[in-house]
Every structure is written in C-alpha cells, then in structure tokens.
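Report on the following structure.
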Amino acid sequence: MGCGNPVKRLMAGNEAIARGAWEAGCRVGTAYPGTPSTEILQFLSEYPEVNAEWSPNEKVALEVAAGAAMAGARALAAMKHVGLNVAADPLFTLSYTGIRGGLVVITADDPEMHSSQNEQDNRHYARAAKLPMLEPADSEEARRLVKLAFALSEEYDCPVLVRTTTRISHGEGLVETEDRRESPLEIKLEKNPAKWVMLPAYARARRPLVEARMEKLVRLAESFAENRIEPGDRSLGIITSGVAYQYAREAFPEASYLKLGMMWPLPSELFRRFAGMVDRLYVVEELDPFLEDWVRGLGIQVIGKAVIPTIGELSPALVRKGISGKAAAGRPVTLDLSLPPRPPILCAGCPYRGIFTVLRKLKVFVCGDIGCYTLAAPAPLSALDTCLCMGAGIGQSFGMEKALGEGGPRRVVSVIGDSTFFHSGVTPLMDMAYNHSRGTVIILDNHTTAMTGRQGHPGSGYDIRGEAAPAVDIAKLAEAFGIRRVRVVDPCNLEETEAVLRQELAAEELSVVIARGPCILIPEAREAIKPALRVNLKICAGCRTCLQVACPAISYVRQAGEYRTREGKVKKRKGYSQIDERLCTGCAVCRQVCPFAAHREPS
C-alpha cells in the first residue's frame, strides 16, 4: 500500500492518523471503539503489516500497546477522551517506565458532546502525566504529527499523546501520503527490572528522569517546527492550536498567529517573543483556558475566555464576534423552527425496545449505562434513570440497594449492553455476587458494539477483520461468579420478559437476566426480519399507545374518523396510527401493547 512518490489524497483526520501510523512503521494497533476515535483502528486494520485489535476496554488497549512498545515495536492505542480516564492508570506509570519502540496514544476530545457524556479537556492529562502532547489542525498535520510522535516517543523514552477533536477526526482534507518506513529497532525482550518494575525503590529512581525529560522537552518546545509564528497585521495577535486555528484564520485572515502543534510542554520564550510583536493578544482555544492560563502565568496580558466561550465548539462566527464584537458578514445562518425536532431514537426492530417497554410498565428505577439503550431515557420510553460512565450502572444499582437496606423496596435494576459489560461491567457484577447482593442485573446482548458502528467484542464471535474468534458465554460467566439465578429472555416477547422480571425482582438473591436479540443492523438479524405489520384502520382508536414504544416506523395521522369497538359500537376518533412498511421489521412489540389489537400481520 506504499507509493513511490508522495500522492495527495482526500482523507478524514482519523484515516490520516492511521496512515501516519502505518507510514511510521507501526506494528501494533489497539483501541476500544468510541466516537470520535473509532475509525482510526478500522482504517489501521486495513494495513496487513499492522496487528490491529479491538480491546475489551481502553486500559487493556494501552497495556497491550505498551507491551509491544517495551519489546521494541512501534504501537498505537486510540480512544475517545473519556476512554483516557479508563487508561489513566497505566498511562501515568508509563511516564516513569518509558518505552523502547515508539508508543503513541490518541485521545479524541468531543467539544459540544456530540456523542459523549462530558466535555472534558484532555490537554490536562499531558501536564498531569508529564508527557508530551501534539495537536494537529487538519488531516495532513494529523498524518505528519503522528509520525513525528513516534520519533519523539523513542527519542525521549516516553509515550506521546496526540489530541484530536471531533472536527479534526471527521473533517476531510488533502493528505500527502508517503511510503512506509520500518523501525530500525530490534524486537526483543530485555530484562531490566529497574526500568520496567515500578516497585517504590525503582520508581523513586525513575522519578528524577521524568523531570529531566521534561526539561529537555521544554527546550524542544521553543524550537519545535510545528510551533510557528505566522506574521501578519501587528495590531492583532492570536495564539491558537488545532481546529481553533482554522476557525481563527477564517475569521481573521489578516492577523498574526502563534500556531501551536505541541500542546505540552509549552514554549514560554516563544510566547513572550510573539507577545512583543503584536498590539493586542488573544488566545483562541476550545473548552478550558489551558493556553490562556499558561500565558497569564508568564505575566503576559492576554484576552481569552472573557470573549471566547468555554462551553461547546467554536466556529469562525463565534471567534469573530468574540474578538471584534461584530457578527460575521453575509446572510446569517438560521434554523427553520417550524420543522419538527428529530431526536436520536432506537432503530425500528431494536431488541432493546421491548425490555424498556416492560421496565416502564413495572415502574422500577433503572440504572443505565453507555450505549444505544441510553436513548431509552427521553420520552416516550422514559425508562432509564441514570447514566454515568461505562459499567457504572451495575455499581450504582448495588449502592442504591445498600442505601435502601434489606427491608427496603426491591425496585432497582441495572441495565448494561454486552460490549459495555465486557468493557467494565464484569467487575461490578462480581462485586455484587461477592458481597451478597439481592439485585437484578439485565444484560442486553445484541451481539455487537452497536452505537459506535457494530464493531466486534469478546462476546461477538468475530474480530476487527471479521474473522471468527472465541465468544465469551455471558450466562456461563455469571454462573462462574456463583450467581445461581441466570435467565435468558427474548426481549421482543413482552409477556415472557415481564414474567421473568417479576420473578427476579421478587427473588431473595442476586439474579442476571440476559435479554438476547441481535442488533437489527447486523447480518444475523437482517436474515430473520419478518413481514411488516399493518394497522387495521377499522378498529384503531387512535389512542397512541403504540407511539409509547418509540418506534420510528410508527407515526400518527391527525385525521378525524370512526372506528369500531370489540363490542361492535362505532365511535369517533381524532386520528390513527400507521406503520411505514419500509421501516418495520415485524418485531411485533407494537402489536403486543395495542389495547385494541389493531396491529396485525399482512394477510
């Protein structure tokens, strides 16, 4: 997949990151899927020279990549911003041990929280872990800086963080591809406990090396080629980086810029030199005042978050308005508020729909988790009560059980998807078993990692390249923990699901209910799609009960008419339900909730 001469191609940032890693001689790639970073490993897996794999979670991903780097291979671990929280434990100590082969850690931040539960700014991780961080401003920089990160990692004996954001990850730009160059390092195992074994005595000896490394990196930052001054109009100077640089350049093309490619450590003397070149100095950055605080700490007068928002994504219009006080020229962008909102919703035929329909009916408190099923929180399903982080729902439900006490109401359950269960739900379930819980845990097994694009996981039976892999049996795993009550239900069978949940809620010991049904978007499910249902308009009362299952195939038509009751009486109605046969998969959840039996299979 090489090319004799550089070739320009249009690439998204995530593809460019993968390309840069391949060109740098990366041999091992690991990740747990999470938007906006997911595609990095998918693209990396297309290169046969790279051993790419989905890991159960980000901590495991980083540890596998670290092991490869310790053996001398160049390795990359990719994750979204909250994934770095999971991987923080090994990351901080890897700062002490160092590496042999280059180790690059991609952290993809998500300003505006397009697909995340928080908006944390992971630049702080670089400072806290005492590790260098690079940040590209476009796809070409993403390719180039990843290659540079591998070289820096080996030169300075440490992992290197590369931060992207959603717009860089998914935005496209021209990339100049190059050939792959294999690392000259020999792959071998080196016994060196003083470097690799972080006992306190060894760790104390490594600690000064971390500070010495940071001193070298500080000197590098001053001359780092990707930290560059772009002279322009001296009346306005802007310090910026990443996608914020693109916004600022569009808003103020005439200004002078200090454009940073290395986010940590920061070049103090370069800041001072640039500040002396301009009359007014601004910092344009998304999320926290990371750069602004550092510049202020140098005694330099600068304007930042006083005019640039701290929350959400920036845009050229926001930057222009913040600095000049004027709106962007041209026609303003407006929204047609007459259009109905289109919130995210579970797919037609999703097996999760049935389980939440039953949980809402049972009026239980549901501790949830990260996945498609988080969409059960808004109306009309209104059946999810917490969502904190991956795997937290199980622990939260156990904590509530403890707070309510043995004599308290048994109305708390936890719900977790199969991929999330393997990510971080196994240990809290083990905790519930070990500490004598009487709770009920519902594992939604749809055979894939659905929300991020249907990637494999340890229970799916296939790996990142679609090849067969051992599949963990969730039921047997729960039984291995000593859990005696393990039930499997078809969540699209509401009667069966309700009966099992009532039994398990009444039980005096811990129980696991596995709601098993494949994601409607994977081939396994598509082969089993049934004929679409129809609404019998002669008996549909327009009661809208079927709308409560939140199926996108069902809509309501506001048109007055009549219907006939079961007793044969004719009554008035204000409207009726209809089913889009192009979307309906025949799951029949709507038919099971309809009080008038108006939903039927085609004759």
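The values are calculated or read from the model by the stated rules, or taken from the named source; none is laboratory data. What you are looking at is a predicted structure, and each value in this text was computed from that prediction instead of being measured. Because the Cβ atoms are built from the backbone with ideal geometry, glycine has one as well, and the counts that use them run over all protein chains shown.
If you go through region 448-455 one residue at a time, do you hit one that is more than 19 Å from W54 (Cβ to Cβ) and part of a loop (DSSP other than H, G, I, E, B)? No: region 448-455 contains no residue that is more than 19 Å from W54 (Cβ to Cβ) and part of a loop (DSSP other than H, G, I, E, B). When R516 is tested against (1) of a type in the set (K, R); (2) outside the structural domain of F398 (by TED's automatic domain parsing); (3) within 35 Å of the chain's Cα centre (by Cα), only condition (2) is not met. Within region 502-519, being farther than 18 Å from I443 by Cβ and hydrophobic (A, V, I, L, M, F, W, C) holds for one residue alone: A506. The residue that is nearest to the chain's Cα centre (by Cα), among those in region 263-306 that are surrounded by fewer than 20 Cβ atoms within 10 Å (Cβ to Cβ) and closer than 17 Å to G232 by Cβ, is L270. The listed residues are V535, V500, and the only one of them that is among the aliphatic types (A, V, I, L, M), within 26 Å of G349 (Cβ to Cβ), surrounded by 14 or more Cβ atoms within 10 Å (Cβ to Cβ) and touching a residue at least 40 places away in the same chain (Cβ under 8 Å) turns out to be V535.
With the condition kept exactly as written, say whether any residue in region 97-104 is crowded, with 24+ Cβ neighbours inside 10 Å, within 23 Å of T35 (Cβ to Cβ) and in contact with a strand residue (DSSP E or B) (Cβ under 6 Å, 6 or more places away or on another chain). Yes; the residues of region 97-104 include at least one that is crowded, with 24+ Cβ neighbours inside 10 Å, within 23 Å of T35 (Cβ to Cβ) and in contact with a strand residue (DSSP E or B) (Cβ under 6 Å, 6 or more places away or on another chain). Scanning region 308-326 for residues that are over 20 Å from Q120 (Cα atoms) and not small (G, A, S), we see that the one that is surrounded by the fewest Cβ atoms within 10 Å (Cβ to Cβ) is K326. So which of E154, E178, E186 ends up being over 26 Å from the mean Cα position of the chain (by Cα) and surrounded by fewer than 14 Cβ atoms within 10 Å (Cβ to Cβ)? One residue alone meets the criteria, E186.
The sole residue among A88, A61 that is among the aliphatic types (A, V, I, L, M) and surrounded by fewer than 21 Cβ atoms within 10 Å (Cβ to Cβ) is A88. Within region 154-171, can one find any residue that is farther than 19 Å from I106 by Cβ, in contact (Cβ under 8 Å) with a residue 24 or more places away in the chain and touching an Asp or Glu at 6+ places or on another chain (Cβ under 8 Å)? No, region 154-171 contains no residue that is farther than 19 Å from I106 by Cβ, in contact (Cβ under 8 Å) with a residue 24 or more places away in the chain and touching an Asp or Glu at 6+ places or on another chain (Cβ under 8 Å).
Taking the criterion of being surrounded by fewer than 23 Cβ atoms within 10 Å (Cβ to Cβ), within 20 Å of A433 (Cα to Cα) and not β-branched (V, I, T), the residues of region 505-521 that qualify are L505, A506, A507, E508, E509. With the condition kept exactly as written, say whether any residue in region 241-257 is in a strand (DSSP E or B), among the aliphatic types (A, V, I, L, M), touching a Gly at 6+ places or on another chain (Cβ under 6 Å) and touching a residue at least 12 places away in the same chain (Cβ under 8 Å). The answer is yes, given that some residue of region 241-257 is in a strand (DSSP E or B), among the aliphatic types (A, V, I, L, M), touching a Gly at 6+ places or on another chain (Cβ under 6 Å) and touching a residue at least 12 places away in the same chain (Cβ under 8 Å). The set of residues in region 332-367 being of a type in the set (D, E, K, R) and farther than 30 Å from A506 by Cα consists of D336, R342.
Within region 426-443, the presence of at least one residue that is under 24 Å from G349 (Cβ atoms) and either of a type in the set (V, I, T) or assigned by TED's automatic domain parsing to the domain that holds Q396 (or both) is confirmed. Exactly one residue among T449, T440 is polar (S, T, N, Q) and over 28 Å from S37 (Cα atoms), and that residue is T440. The set of residues in region 538-584 being without any contact (Cβ under 8 Å) to a residue 12 or more places away in the chain and either surrounded by 17 or more Cβ atoms within 10 Å (Cβ to Cβ) or small (G, A, S) (or both) consists of G568 alone. Within region 1-29, the set of residues being at pLDDT below 95 and over 15 Å from G171 (Cα atoms) comprises M1, G2, C3, G4, N5, P6, V7, K8. One residue stands out in region 228-262 among those that are β-branched (V, I, T) and closer than 18 Å to D293 by Cα: the one that is surrounded by the most Cβ atoms within 10 Å (Cβ to Cβ), namely I239. Within region 105-134, restricting attention to residues that are in contact (Cβ under 8 Å) with a residue 60 or more places away in the chain and over 19 Å from the mean Cα position of the chain (by Cα), which residue is surrounded by the most Cβ atoms within 10 Å (Cβ to Cβ)? Result: L134.
Applying the criterion of being touching a helix residue (DSSP H, G or I) at 6+ places or on another chain (Cβ under 9 Å) and of a type in the set (S, T, Y) to the residues of region 300-350, the residue that is modelled with the highest pLDDT is S315. Scoring L220 on the criteria (1) within 30 Å of C26 (Cα to Cα); (2) out of contact with any Ser or Thr (no Cβ under 8 Å at 6 or more places or on another chain); (3) assigned to a strand (DSSP E or B) leaves a single failure, condition (3). Pairing residues of region 22-39 that are of a type in the set (V, I, T) with residues that are crowded, with 24+ Cβ neighbours inside 10 Å and in a strand (DSSP E or B), at Cβ distances under 6 Å and at least 6 apart in sequence or on separate chains, gives V28/A75; T30/A77. Scoring L217 on the criteria (1) in contact (Cβ under 8 Å) with a residue 60 or more places away in the chain; (2) over 24 Å from D288 (Cα atoms) leaves a single failure, condition (2).
Does region 437-455 contain any residue that is free of Cβ contacts under 8 Å to residues at least 40 places away in the same chain and in contact with a Ser or Thr (Cβ under 9 Å, 6 or more places away or on another chain)? No: zero hits.
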